[in-house]
Structures are given as C-alpha cells and as structure tokens.
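Presented below is the structure to which this report refers.
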Amino acid sequence: MIENTELELANKFVKETNRNIFLTGKAGTGKTTFLKNLRLHSHKRMIVVAPTGIAAINAEGVTIHSFFQLPFAPTIPYRLSGVKPDVVKINKTKVKIIKSLDLLIIDEVSMVRADTLDAIDTILKLFRNPDKPFGGVQVLMIGDILQLAPIIKEDEWHILRKYYNGIYFFNSLAYSEANPIYIELKHIYRQDNADFIEILNKVRNKTLDQNSLEILNSRYKPNFKPPKNSDYINLTTHNNNAQRINDIELESINSKTYKFTASLTGDFNEHLYPTDFQLKLKVGAQVMFIKNDSSHDKLYYNGKIGKISKLNDTSIWVICSDSKRAIEVKKEHWDNAKYSLDKETNEIKEEVIGTFTQYPLRLAWAITIHKSQGLTFDKAIIDTEAAFAHGQTYVALSRCRTLEGIVLSSPIAMKSIIFDKSISQFNEQAKELSPDNKDYTSSKRQYELSLIQELFNYKNAAHFLSICIHILQQNDHNINGNMLESMNLIYDNIINKYVPIGNKFASQVNSLFTKELDENKTLQERINKACTYFLENSRKELSNKIKNIHFTCDNVTIGSKVKELYKKILEIILVKEACYEECISGFDIDEYLKVKANKLIELEDKKVKFAEPSIAGKCDHPELYEILKEWRAKRAKELDLRAYNIISNKMMLDLSQILPQTATELKLVKGLGVKRIQNYGNDILNIISRYRKDKDISGTQYSIL
C-alpha cells in the first residue's frame, strides 16, 4: 500500500489540505484499511460516521442518525423548506465536538441518501460558519457507489422527489456546493486474476458481453452439494432465505445443540448485535468468524469459514480447511461508542457506552449479500435470481477471491444485474475532478493561506454585529443597559479598522507566500508583528468592551436572540485573541488548530451572564422603578404572562420619571394604551401615589409632553 499512488495522494489531501474528498474504488481496493490508518496517523480532530449500525461498528464509528440526532423520516432541505432541524436534542458535548471538528469521515457513503447529507450540512452550518459548505468542516466520503445503494420506500421518495433528481448522496445540494475532489483507488488486493477482475468490472458497470456471461455461467451447478469440510457459504438476496438455509442445515446434524448467550453491558441496541444474542451450535456446524483475531496468534480473520470440531458448555473449537489444527475460540467483545471530549486535554475521544460479548461466530451455510459487504471468501454459492437492488449482484460476485471459488445456484441473468444509469453519468463527470500532485501542492498552499487569512478576517464578526444592532434598535423599548451603545462602538471599530487592516494583511500574506510555511522566515516575521498588533488592540477595543456589557430584556424571545448573537461575537473575538497569543511565536498549523479547538470548547462551557444594568441617569426615581419592577413580576406570575406583556421596561422608566397622577396622564406614556390602563392603571396609580406620599412629592413635577 505504501507504493499505491492513489492512496498516497488521498492521504496527503486529507492530512495537508482542507479539500472535501470522495474516495472511491472497486471492492477490495483498500478503502477500509485506508480509513483505519488515517485514524491512527492524522493530527486532525476527526469523527467517523456511517449510515447503518453494522457499518458504524465495522468502521469503529457511530451512526449518522445517532450523532446528528436525525429523524429516520425524510428531511426536506432547509434551503428549500426554510425549516431548521431540531437541534435541541444535540447535547453540549456534541456541540463542542462539532465546533472544534477538523475532519468528518462518512464511511459507506453509497448508502447515504441525499436528504441525509443535506441535513448534516445544515447542522454543521448552524453551529459553525453558515457561509461555508459543511460549516467549514473538511468532509471525507468513502464508498463505492456501484455497490449497495440507499434504501428508500416509495412513500418517502414521493416526498423527496420534489426536491431531488435522485436519492444518492451526490444528488444533494451539499455535495454540489462542497465541490469535492474525486480519488479512485485502482489496485485490487482481493483478487489477482486479471480475467476475473475484468469480468467483475463488466458486471459492476453492466457491460457484460456474451463471452464473459458464458464464462460466469460456467460456474452454474444446479443441485450442487458442497463436499464435506469444503467451507462453502451461500450468499442470498433475502434474509429469510439465509435464515432458512442455516436452520435446515443445523437441524440436519444429529448431535447435541449447545447454546451460548451473549452478555451485555451499558447501552447496546439490538439492531447493532454483530451475531446472535443466543448462538446455537452443534459439532459439525459451519461457521464464519466475524472479527479478526485480537490475540497475537492471528489465527483467523473476519470472513474466515470453518466447522465446529468440538464443543462443551464453555468452550468452542473450530477447524478450517487451511489447517489441521483446531482453533480454540475465545469470546470477543464489540464496543458501542459515542464521541466525547477528554476533560483534561479537550481531545475528541471515543467513549464506550456499551459492550456486546460473544463468541465471534455466526452460522455460515448462508448469509445475505448486504451483510457480506466488506467480507472476503474463498468459496461461495451465490444466488442472485431475486436480486432487487443496484449493485447487489456485483457485491456478491466480488466477495470471492477467485472465479473458481464461485458456484452459482442460479445462472446469472442480465435482469439480475441492476444498474442505475445516473450513477454511471455521475462517475464519468466526477472522474474529471480527479486531482494530481500539482493540484495537491496548490491545495496545500491554499489551505495554509486560508488559515492565516481566517485569523485576521473580521467579516463574520461584522455580520453578526450588524444583525445584533438591528434587533437592539428595533426593540429598544424592551431593553435596558449599555449593549446597543457598546455594540455600535465595537462595530465601528471592526468596520473602520480591523476589516480594512485585515484585508491589507491578507493581501501581503498572499504575496509573501513564496515557499513552504516552515521555511518562510519573512512571512513568519510578518505574522508575528500582525499578531502582536491585533492582540494588543483587540484586548483594549473589543474584548474589554464586550465583556463589560450590562443588559436586560423584557421579551424572552428577543433576549435569547441577542444573547445567542452576543455569544457568537464574543466567541469570534476571544478565539482570535487566543490564536494571536499562540502565533506570536510562529504560525504552526497543528498548534493553531489545537488552540482554536480548545478555546471554542472552553467558551462553549461558559454561560452568558450579563450584569444588571444601572438605571442611574435614566430616571429621577430609581426606587420607584424597582417597586414597579417587583409589582410587574408578581402580576406576571399571577396571570401566567411574560413580564413585558404587563408593561415594558421603557414604560417603567417613563413612569418613574414623570410620576403620573391620573388616568389621563397615564395615556401620555407611550405604549400604555386603553387596554393596559383598564387592566393595570389603578395598580400603577396606587403605587405612584404611595411613593409620592412617602417622598412628600406633590403637584406636577415633570413635563410629560
């Protein structure tokens, strides 16, 4: 694999650029091995998701629906429906992971529906950058679209067909926007016979000619009975057929049945079980190992076939055709994991939430083609007469290492080779996006450049500030404090100083990027000066001001929106300051990404709390304001209303300034209409009357005109 050109190129693109990637290849080209190596050797913060439970367990990741909390029902793309997904279910740990994520890997992407990929895109944008594909997260999609396709019911497609041209992931809006490069792995490790590989390719693309079809069907052997100890496995299209064959074969063995019950800990849903919870076995039963041997002996691998040679209540021995020595099988465990954050290092880690412990075996006279995906067999009896899905026949045939290892229980017919032409069209178009080393060099440089420019770019902060200021201006009557004044000052500073200086620096960086970042002393010195300048000024003019905001809002909905925007603005400013401090000593990508992620996680843990605004200077009778505020809270609780539905903050300030004595004077307070005066006028006048009496205030004290 070290000499595999496409694998090496894929490895460099994933690790050293931010390009989105679709990594594909025929069955047996090393996609799974690539994923496992990437997890071990990449510095990027990553998670792995897959469309099904079995695929997720095999990829040592989690399911797409569980991590992103997606419904199994069709989801209409947000950009077309305007309806945001319910993100309330996404807990804080997941939010922190999403915000600090560098790389999202989607395995077995051929089985991911278009609406699912769009839903992932929407959620990432909601928690990250709304203007970038997948919120700015690099996405690696792994799979072979000429293998098994997404499963969709007719009524589900009836809903989605209004929005999509097809059900595949590449039909999504997100895929088109992400503009991924296409890397196809070409070296096949599973088969080494050129003629057999050629036939498989023809089945894969449904270009099977008569000669190749005849060669395939020469393996048709009706009523074939496998020789004793020959390790043949039946591959069928439907689960009930596989179950029926296994039950009949097990029943035909005239010996004692032993039952081995799995043990569970924690959370491990039934649909994730890798084998039977209660495994029924007899001496002579044909079984398949469903996991690689975890011991140092490496006596078996996932997919290896053998027969039970000896059994007792606590032990199992299996003998395989390639050895005369029986393997004593030990129990193995499978983990059901979720992603969490290490409290000390803030690194993304897989936290095991449940385990399934059982002997790594399943009855193997038969297995469904869907469950065989990813496995390799030496000998198989294949029945594709009832094939119903795109790629199903190809998956079945490509499980075998050799043509000679295949026996067909029904002849291959062209109708059994189901092929979606839209996939072929996509493949041809995607191949035009295949990159080379020149593209890699350019993408790496662009990635490094974008990270540096991102550090000094304040356009996102200006965007959120303008929205926040607009909301504050529109709802001034419900708001108290210095937020509008402070936000205006920060916005003016960013627009007039930080944005233009950041743009100027970005232009300079571009011209100075003449060689590798580590060797570019001139650029590093320029970054050092820029970080020093921005850090000093930001602390004085931005973070100091935004941290000292006083704010209250009567309207809970408006208050929540302002608080959300405030947190985003504060987050942008403080993350930049943390990165400036780190990069003063030199810009290193690994360290930059680490500091940025840690600061985002730290800030996500902190709740936004504002100091209570002082009303000094806003009215001459602050004591009366507090009395009115207390009365308002009490009435709101009695009537089960929001406080601002009684009277607003602005009304209380006006009342505390002008001290009205009659219903006529109450009408002159803006917002105190007829209905409010009918409901609360007497209460308000009584409160003011008592206050006047306590303070010995008589007559008209203030102009209300």
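The values are calculated or read from the model by the stated rules, or taken from the named source; none is laboratory data. Note that the structure is a prediction, hence the values are computed from the model and not measured. Here the Cβ positions follow ideal geometry from the backbone for every residue, glycine too, while neighbour counts run over all protein chains shown. When the accessible area is computed, the model is the full protein with side chains, heavy atoms only, and any ligands, DNA or RNA have been set aside. Shrake-Rupley method; radii C 1.70, N 1.55, O 1.52, S 1.80 Å.
A few notes on this one:
- Farthest toward positive dipole pole in the chain [+1 Lys/Arg, -1 Asp/Glu at C-beta], among Ile199, Gln278, Ala611: Ala611
- Rounded to the nearest 20 debye, dipole of the chain from Cβ charges on Lys, Arg, Asp, Glu: 1000 debye
- Our coupling estimate for the stretch 621-627, obtained by passing each phi through the Karplus curve with A = 6.51, B = -1.76, C = 1.60 and θ = phi - 60°, is 10, x, 5, 5, 4, 5, 5 Hz, Gly and Pro reported as x.
- For Ile615, distant residues with modelled amide H under 5 Å away: none
- Distances between placed amide hydrogens fall under 5 Å for Ser309 paired with Gly284, Trp317, Val318, Ile319, all partners being 5 or more residues away or on another chain.
- Angle between the chain longest axis and helix 437-455 axis [Cα atoms, degrees, rounded to 10]: 20 degrees
- For the chain: relative contact order, % (alpha-carbon pairs under 8 angstrom, 6 or more apart): 12 percent
- In the stretch 468-516, Rg over Rh equals 1.32, where Rg is the alpha-carbon radius of gyration and Rh the Kirkwood radius from pairwise Cα distances.
- Cα-based helix-to-principal-axis angle, 589-605 vs the chain, degrees rounded to 10: 60 degrees
- The packing ranking of peptides 9-20, 499-510, 134-145, 622-633, highest mean first, is 134-145, 9-20, 622-633, 499-510, where packing means the average number of other beta carbon atoms within 10 angstrom of each residue.
- Less than 5 angstrom separates the built amide H of Tyr359 from those of Glu332, all sequence-distant by 5 or more or on a different chain.
- Surface composition of the chain: carbon and sulfur atoms hold 48% of the protein heavy-atom accessible area at a 1.4 Å probe.
- Taking trypsin sites (Lys or Arg not before Pro) across the stretch 250-310, the ones in a DSSP loop with at most 14 further Cβ atoms lying within 10 angstrom of their Cβ are Lys256, Lys298.
- Average accessible surface for the chain: 49 Å² per residue, computed with a 1.4 Å probe over protein heavy atoms with every protein chain in place.
- List Ser176, Ser466, ordered by accessible area with a 1.4 Å probe, largest first: Ser176, Ser466
- Quotient of C-alpha Rg and 2.2 N^0.38 Å, computed over the chain: 1.25
- Restricting the stretch 504-610 to GluC sites (Glu not before Pro) that sit in a DSSP loop and have at most 16 other Cβ atoms within 10 Å of their own Cβ leaves Glu516.
- Positive dipole terminus of the stretch 368-501, leading residue within His463, Leu397, Met487 (C-beta point charges): Leu397
- Distance between the stretch 553-621 and the stretch 272-305 - C-alpha centres, whole angstrom: 53 Å
- The residue list Ile145, Pro222, Gly166 was ranked by how far each Cα lies along the charge dipole of the stretch 125-232 toward its positive end, using unit charges on Cβ atoms, and Pro222 comes out on top.
- Potential lengthening of the chain between Ser614 and Asn239 amounts to 127.9 nm, from the contour at 0.36 nm per residue minus the alpha-carbon distance.
- Lysines whose Cα lies under 20 Å from that of Lys667, excluding same-chain neighbours fewer than 8 positions away: Lys629, Lys650, Lys675
- Of all DSSP bridge pairs formed entirely within the chain, close to 55 percent run antiparallel.
- Subtracting the Cα-Cα distance of Thr552 and Thr664 from their residue separation scaled by 0.36 nm leaves 37.4 nm.
- Magnitude of the charge dipole for the stretch 506-613, about its Cα centre and with charges confined to Cβ atoms of Lys, Arg (+1) and Asp, Glu (-1), is about 480 debye.
- Taking the Cα centre of the stretch 415-462 as reference, the dipole from Cβ charges on Lys and Arg (+1) and Asp and Glu (-1) amounts to some 80 debye.
- Mean residue ellipticity (222 nm) of the chain, computed from DSSP H runs ≥ 4 via -39,500 (n - 2.57), nearest 500: -13500 deg cm²/dmol
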